[in-house]
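Beneath this line is the structure, given in structure tokens, with notes to follow.
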Amino acid sequence: MELNDRFEWDITCKENSPEAFAKVLVSELGLSGEFKSAIAHSIREQIYTYVKSLHLSRYHDWNKSIMDRGFKKSFLPIVKKAMRNSNKIKRFTPSVAQVLDSELVYMEKETVRESR
């Protein structure tokens, strides 16, 4: 099975827990327990990569105003309302698909190729 989902994560909120999020998501979608650790790991990996890129760009304090205009453009705007437009809902809706073994091998090869 393959799970695809897209969501925004506030890295400045220490109360956000990838493990708690994964537990709720797995429960809501009726997935097996093995998805919980994979989801939490994927979220943590993406957070680490993002935070590392912030540090490498010498931007260390996420709560202060951003002086560099080019860097400021890479951040999302402040959320003013929590509801999404109906045309964006599909992009932010999780989907679960059955994957054949042959497709899985191909997907793993693509992942390895992309990581180089």
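The values are calculated or read from the model by the stated rules, or taken from the named source; none is laboratory data. Small disclaimer: the values here were computed from a predicted structure and weren't measured. Cβ placement follows ideal geometry from the backbone for every residue including glycine, while neighbour counts extend to all protein chains displayed.
Screening the candidates Ser74, Ser53, Ser27, Ser42 for the property of being over 28 Å from Leu104 (Cβ atoms), small (Gly, Ala, Ser) and either part of a loop (DSSP other than H, G, I, E, B) or at pLDDT 90 or above (or both) yields one hit, Ser74.
Taking the criterion of being within 25 Å of Ser102 (Cα to Cα), surrounded by 10 or more Cβ atoms within 10 Å (Cβ to Cβ) and either in contact (Cβ under 8 Å) with a residue 40 or more places away in the chain or not charged (D, E, K, R) (or both), would at least one residue in the range 41-59 satisfy it? Yes, the range 41-59 has at least one match.
Among the residues of the range 1-16, the ones that are exposed (fewer than 13 other Cβ atoms within 10 Å of the Cβ), over 23 Å from Lys88 (Cα atoms) and without any contact (Cβ under 8 Å) to a residue 12 or more places away in the chain come to 3 in all.
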